[in-house]
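Undergrad: Pasting a structure below so you can have a look.
Just so it is clear, none of the values below were taken in a lab; they were calculated from the coordinates. Note that the structure is predicted; figures quoted are calculated from it, not measured. FYI the Cβ positions are ideal-geometry reconstructions off the backbone, even for glycines, and counts take in every protein chain you see.
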Amino acid sequence: MTTIKDLANKGNLFTQGHRACAGCGGTVILRLLMAAAGKDTVVVGATGCMEVVSTIYPYTAWNVPFLHNAFENSAATASGVESAYRALLKRKKTDKKINFIAFGGDGGTYDIGIQSLSGAMERGHNLLYVCYDNGAYMNTGIQRSSATPMGSSTTTSPAGSVVKGKMQNRKDLTEIMVAHNLKYAAQASLSNWSDFVSKVEKALAVDGPTFINVLSPCPLGWGYDTSLSIELSRLAVETHFWPVYEYEDGKYKINIKPKQVKPLEDFLFKQARFKHLKNEPELVEEIKKSVEEKWNCLLQKESSCK
Amino acid sequence: MSNIVAKTGNEAMAEAMRQINPDVVAAYPITPATEIVQIFSTFVNDGKVDTIFVPTESEHSAISACIGAAAGGARVMTSTSSQGLALMHEILYITAGLRLPMVICEVNRALSAPINIHCDHSDTMGSRDAGWIQIFSEDSQEAYDQTILAMKISEELFFPVMVTTDGFIISHAMSRLEVFDDKEVQSYVGEHKTPYNVLDIDNPITVGSLVLQDYYMEIKTQQAHEMMKAKEKIKELYADFNKKMKRNYSIIEEYFMEDAEFAIVALGSTAGTARYLCEKLREKGEKVGVVKPRIFRPFFAPEMVAILENVKGIAVLDRSDMMSSTGGHLFNELKSSFYRNSKQPAMKDYIYGLGGRDITVGDIENVLKDIKDFSNSKETTPDVKYITVRE
Ligand SMILES: Cc1ncc(C[n+]2csc(CCOP(=O)(O)OP(=O)(O)O)c2C)c(N)n1
């Protein structure tokens with residue numbers, strides 16, 4: 001297993017000096033991702049907070065080749081870079097092994113980029129797509145996305161006197177990726193960094209498209225103190241809100257099964273985006289119900305695919 | 001050595017692509033350009049090219065993948081038309097802004113609504129400000145030659161280039177085509193040139209940065225200046241192509257313009273119809289001529305003025321409208337080219353052929369009559385006329 005020391009020794013491929021907010025989960029994801037992937041990696045990033053904070057001209061936080069094209073097309077763009085690489089291999093102009101990683105926020109992945117992602121996955125390019133899911137369009141000021149949890153207040157699903165935040169459930173993107181017959185798809189959480197790192201290593205070892213969805217706490221968007229990002233990642237896992245699992249060669253494995261499941265309220269009420277739900281017990285029950293349904297469904301999948 | 005074959009415009013462009021043998025082609029089908037990708041994918045699957053073919057799920061992804069491939073140092077081509085080009089719109093600007101060489105074989109077709117699959121120039125004109133070099137072709141031969149030439153222009157200047165034909169009129173019409181040997185094309189296009197390469201993992205660079213108020217203006221000004229400089233280089237590259245490939249192309253083609261009193265200005269296939277008419281009228285002693293700009297972007301304004309300033313009347317044929325109440329794209333370009341010129345011939349725009357509406361020799365003859373009347377009258381308006389429209 002990779003230790004923190006091993007990771008530290010891999011050098012800073014995603015460096016300090018970027019402009020992310022204090023407590024930003026996304027940049028921690030990128031740092032771990034790059035530590036796991038190593039230097040022989042080309043990264044394509046979608047428009048969104050992570051691209052914006054890391055590439056303000058004439059500076060860059062990237063010590064690997066980094067390409068940003070637009071918001072909705074990081075997967076298609078990466079599929080092009082990977083195709084250029086295959087063309088080089090075919091013409092025997094290179095024999096290097098290179099990793100290809102594309103990333104996007106939940107907006108760039110679940111919503112506007114899902115077509116591009118689906119296409120790239122279906123075509124079978126040898127690339128890893130990482131979604132950092134902070135549950136809203138943070139870069140443009142916390143608008144709802146299809147990854148925004150039910151009940152969450154965002155600037156386009158505000159908690160109003162009539163409508164209490166977002167009224168729809170999250171889209172299950174990881175399962176949509178599984179439905180693409182990927183050899184490897186997973187969900188990870190920063191609270192379990194070594195699990196995330198080994199997932200990146202596994203995904204990159206696969207010859208073909210792979211996908212990892214990582215929960216990305218956002219102090220500003222979720223409304224919590226910047227010191228609590230990892231704590232919230234942990235609570236998300238311990239409340240079953242964010243199952244940490246993987247789908248590998250047709251089999252499901254839930255990597256973290258909390259011994260003592262915590263009440264969802266422990267996760268919800270540490271965040272301002274859910275605070276209006278304190279007066280909405282029925283809505284909280286509905287959210288809890290759907291979280292548990294998802295979890296049970298996952299358990300079933302795990303046991304039926306054994 | 002060249003060989004004579006019979007090919008449609010689409011076949012001719014696909015043949016040029018085969019001979020160029022690009023590293024990556026990412027494309028999506030759309031009438032009337034579909035055949036280009038179809039034919040090319042048979043080349044791929046029959047092992048006639050080394051290209052990695054990326055059959056994307058949309059044109060947006062096609063050009064996005066092309067950007068990725070070009071940034072990865074690959075020689076890249078694609079093909080599209082109409083709604084496909086419109087769907088690429090956002091990424092067209094990014095291609096040019098990143099200064100990536102790329103060639104699109106674009107088949108001109110009307111834009112919806114109403115949906116229509118036939119020729120006009122609204123799709124290409126809709127992307128005229130994206131920073132691409134835009135080349136029009138009159139026939140399959142020009143489409144074939146200019147596709148090969150475009151690859152060179154693109155890699156010499158680091159500007160993306162779209163080479164267009166007219167939907168169905170050229171794309172589907174079989175005509176005589178003189179093709180080069182594969183080797184000639186290969187040696188003409190030469191080794192691929194790339195401005196940078198994100199596959200160079202030992203020299204990592206960041207491409208597509210966020211550039212704010214402090215540098216954006218410089219970068220865009222530089223791009224604009226490079227486009228200005230590109231004009232001379234394009235002329236040189238056309239001359240170089242003529243020399244190496246034994247052709248005789250000019251950036252603006254003139255027919256009977258030495259002593260013409262009235263001129264028709266047209267892009268693409270319609271120029272051929274106009275030329276035919278002029279030949280007939282010249283036999284009757286009428287001093288009429290035709291001007292066919294091959295390149296719409298960059299616009300060769302002083303060159304156009306120099307050719308046209310001595311006529312009495314200019315009839316501009318526009319196969320697209322700007323919906324601005326001021327006529328079509330070519331007309332607006334030409335009108336502003338004449339600003340503060342000492343000689344000011346009468347000029348009128350004739351919007352024609354939208355959605356594939358046929359344009360006949362007789363229609364252009366009527367245009368000539370009209371421009372004569374217009375230039376003899378004291379009137380300056382209306383200077384835009386929609387022709388061949390059902391009353
Ligand atoms: C086509 C297009 N539409 C809208 C935008 C504006 N925009 C930029 S980033 C962004 C939201 C990004 O959200 P997400 O992908 O969740 O990433 P985050 O900002 O949360 O990191 C939006 C809407 C854009 N750049 N391009």
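Undergrad: Is there a pair in B:LYS229/B:LYS343; B:LYS246/B:LYS284; B:LYS7/B:LYS280; A:LYS166/A:LYS289; A:LYS202/A:LYS301 whose C-alpha atoms are over 24 Å apart, and which pairs would that be?
TA: B:LYS229/B:LYS343; B:LYS246/B:LYS284; B:LYS7/B:LYS280
Undergrad: Quick check on segment B:35-117: what does the Kirkwood estimate of hydrodynamic radius come out to from the alpha carbon pairs, in Å?
TA: One decimal place: 13.6 Å for the Kirkwood radius.
Undergrad: Considering the alpha-carbon set of segment B:259-387 alone, what are its Rg and its Dmax in angstrom?
TA: 13.5, 39
Undergrad: For peptide A:119-131, how many partner chain Cβ atoms fall within 10 Å of a residue's Cβ, on average?
TA: Mean shielding count: 2.
Undergrad: Quickly estimate the mean residue ellipticity at 222 nm for chain A, helices only: each DSSP H run with n ≥ 4 gives -39500 (n - 2.57), and the total goes over all residues, rounded to 500. Intermediate results must be reported in sequence, preceding the final value.
TA: Numbers: 10 runs with 110 residues, N = 306.
That calculation yields -11000 deg cm²/dmol at 222 nm.
Undergrad: Follow-up question, since we're still on this one. Over 10 Å intervals from 0, what percent of Cα-Cα pairs in segment B:221-324 sits in each interval?
TA: 14, 39, 34, 13, 1, 0
Undergrad: Quick check: residue separation of B:LYS335 and B:LYS284 times 0.36 nm, minus the Cα distance between them. What number comes out in nm?
TA: 15.4 nm
Undergrad: Between A:PHE14, A:PRO209, A:ASN63, whose Cα lies farthest towards the positive end of the dipole of chain A when Lys and Arg beta carbons carry +1 and Asp and Glu beta carbons carry -1, centred on the Cα centre?
TA: The Cα lying farthest towards the positive end belongs to A:ASN63.
Undergrad: Taking the Cβ-Cβ separation of A:LYS92 and A:THR155 as r and a Förster radius of 35 Å, what is the calculated FRET efficiency to the nearest 0.05? Before the final figure, lay out the partial values.
TA: Details: r = 53 Å, r/R0 = 1.51.
Approximately 0.10, to the nearest 0.05.
Undergrad: When you have a sec, figure out the Kirkwood radius of segment A:165-210 from all distinct Cα pair distances and drop it here in Å to one decimal? Walk me through the numbers on the way to the answer.
TA: Working: mean 1/r = 0.0825 Å⁻¹.
Final number for the Kirkwood radius of segment A:165-210 is 12.1 Å.
Undergrad: Have a look at segment A:197-245 and give its Rg and Dmax from the Cα atoms, expressed in angstrom.
TA: In order Rg, Dmax, the Cα atoms of segment A:197-245 give 13.7, 41 Å.
Undergrad: Further question on the same structure: How high is the FRET efficiency between B:GLU254 and B:SER112 when r is their beta carbon distance and R₀ equals 45 Å, given to the nearest 0.05?
TA: For R0 = 45 Å, the calculated efficiency reads 0.80.
Undergrad: Of A:THR154, A:THR3, B:THR147, B:THR56, how do they rank once you tally other Cβ atoms within 10 Å and put the fewest first?
TA: By the 10 Å Cβ count, ascending: A:THR3, A:THR154, B:THR56, B:THR147.
Undergrad: Quote the Stokes-Einstein diffusion coefficient, in whole µm² s⁻¹, for segment A:1-119, based on the Kirkwood radius over alpha carbon pairs, a temperature of 37 °C and a viscosity of 0.692 mPa s. Could you put the intermediate results ahead of the total?
TA: Numbers: Rh = 15.1 Å.
D = 217 µm²/s.
Undergrad: Next up: Dipole size in debye (nearest 20) for the protein assembly as shown around its Cα centre, Lys and Arg Cβ +1, Asp and Glu Cβ -1?
TA: For this selection, approximately 1340 debye.
Undergrad: I need the calculated FRET efficiency for the pair A:ASP6 and B:LYS243, taking r as the beta carbon distance and R₀ as 60 Å, to the nearest 0.05.
TA: Values: r = 60 Å, r/R0 = 1.01.
The formula returns an efficiency of 0.50 here.
Undergrad: Go through segment B:240-322 and name the GluC sites (Glu not before Pro) that are in a DSSP coil and have 10 or fewer other Cβ atoms within 10 Å of their Cβ.
TA: Here the sparse-neighbourhood loop sites are B:GLU258.
Undergrad: Right, another one. Run the reach check for B:LYS385 against aspartates and glutamates, Cα to Cα strictly under 14 Å, same-chain hits fewer than 8 apart removed. What comes back?
TA: Straight-line reach from B:LYS385, under 14 Å: B:ASP318, B:ASP321, B:ASP349, B:ASP363, B:ASP370, B:ASP373.
Undergrad: Angle check, please: helix A:74-90 long axis (alpha carbons) against the longest principal axis of chain A (alpha carbons), in degrees 0 to 90, nearest 10.
TA: So the inclination is approximately 20 degrees.
Undergrad: Tilt of helix A:114-123 relative to the longest C-alpha principal axis of chain A, in degrees (0 to 90, nearest 10)?
TA: For helix A:114-123, the angle is close to 40 degrees.
Undergrad: What is the fewest-to-most order of A:VAL178, A:VAL214, A:VAL291 by other Cβ atoms lying within 10 Å of their Cβ?
TA: Details: A:VAL178 18, A:VAL214 28, A:VAL291 21.
Taking fewest neighbouring Cβ atoms as first place, the list is A:VAL178, A:VAL291, A:VAL214.
Undergrad: With Kirkwood's inverse mean 1/r over C-alpha pairs for Rh, give me the Rg to Rh ratio of segment A:4-304, two decimals please.
TA: 0.96
Undergrad: Of all trypsin sites (Lys or Arg not before Pro) in segment B:273-382, which ones are in loop regions per DSSP and have a Cβ with at most 14 other Cβ atoms within 10 Å?
TA: When the trypsin sites (Lys or Arg not before Pro) of segment B:273-382 are filtered for loop state and at most 14 Cβ neighbours within 10 Å, B:LYS284, B:ARG340, B:LYS343, B:LYS378 remain.
Undergrad: While we're looking at this one, here's another question. Along the positive direction of the dipole of the protein assembly as shown (beta-carbon charges: Lys, Arg +1; Asp, Glu -1; about the Cα centre), which of B:PHE299, B:LEU237, B:GLY208 reaches farthest?
TA: B:GLY208
Undergrad: Next question, about the same structure. Restricting things to alpha carbons, tell me how big the protein assembly as shown is in terms of Rg and Dmax, in Å.
TA: Every Cα atom of the protein assembly as shown included, Rg and Dmax give 29.0, 99 Å.
Undergrad: Can you sort B:SER137, B:SER127 by how many other beta carbons sit within 10 Å, fewest first?
TA: Final ranking by Cβ density, sparse to dense: B:SER127, B:SER137.
Undergrad: Over all Cα pairs of chain B, how is the pair count split among 10 Å bins, expressed in % and running from 0 up to the last occupied bin?
TA: Going from the shortest bin to the longest, the percentages are 5, 24, 33, 24, 11, 3, 0, 0.
Undergrad: Still on this model: Calculated from DSSP H runs of 4 or more alone, at -39500 (n - 2.57) each and per residue, what is the 222 nm mean residue ellipticity of chain B, nearest 500?
TA: The per-residue figure over chain B is -13000 deg cm²/dmol.
Undergrad: Which one, B:HIS329, B:VAL367, B:VAL265, projects farthest toward the positive side of the charge dipole computed for segment B:252-386 from Cβ point charges (K/R +1, D/E -1)?
TA: B:HIS329
Undergrad: Same structure, new question: Residues in segment B:315-335 near a label at B:SER377, defined as backbone nitrogen under 16 Å from the 7 Å Cα→Cβ point?
TA: B:315-316, by backbone N distance to the label point.
Undergrad: Return an integer: the convex hull volume of the alpha-carbon atoms of segment B:250-291, in Å³ per residue.
TA: 58
Undergrad: Right, something else. Here are some pairs, B:LYS152/B:LYS244; B:LYS152/B:LYS220; B:LYS348/B:LYS372; A:LYS251/A:LYS294; which of them have Cα atoms lying more than 20 Å apart in this structure?
TA: Violating the 20 Å limit, Cα to Cα: B:LYS152/B:LYS220.
Undergrad: Using a 10 Å cut-off on Cβ to Cβ distances, tally the other chain neighbours for every residue of A:86-92 and report the average as a whole number.
TA: 5
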